[in-house]
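Below you'll find the structure, written out as structure tokens, and then a few comments.
Where a number appears in this text, it was derived from the coordinates with a stated rule and is not lab data. Just so you know, these numbers come straight off a predicted model, no measurement behind them. Please note: Cβ atoms are built from the backbone with ideal geometry, for glycine as well, and neighbour counts cover all protein chains shown.
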């Protein structure tokens, strides 16, 4: 197979979508870990500060991973010229603001997360994946990069 034929393949979804799916699975594992830590905290009358710190660390790590994932999606959308990029990124911003609203006391910077908040975060992520990421995946299944590489890919043979 020559280079131009390879570039014309719908390779974006074949190579990149599994990475995105792995990201999604990791987010849900981390959110489930957070739920488990909250259960342990609530189930133990000795709610000491180290347990709260552990939850804070888990939460901040998860939020950092979600933000990094959103950044990777933005780069994909830019690279492939995704026409729904603005709406998709607006959804990312809304999710992050919602997570921050549920998760932190802005004045003190302390974590105020509870089980219901984590469940709402998971539901927002599921909704985003079903609505916006599904459309992005469909687009990537037939997309070629734009820019210099994209111009090479669309030349006639």
### Query
Using a Förster distance of 30 Å, how high is the FRET efficiency between residue 100 and residue 21, based on the Cβ-Cβ distance and rounded to 0.05?
0.75
### Query
By how many nm would the segment from residue 54 to residue 78 lengthen if fully extended, with 0.36 nm per residue of separation less the alpha-carbon distance?
5.0 nm
#### Entry: Difference of contour (0.36 nm per residue) and Cα-Cα distance, residue 67 to residue 40
7.1 nm
### Message
Between residue 32 and residue 141, what's the calculated FRET efficiency when r is the beta-carbon distance and R0 is 22 Å? Round to 0.05.
### Response
0.15
### Message
Could you check the spin-label model distance between residue 134 and residue 86? Points 7 Å from the Cα along Cα→Cβ, value in nm.
### Response
2.4
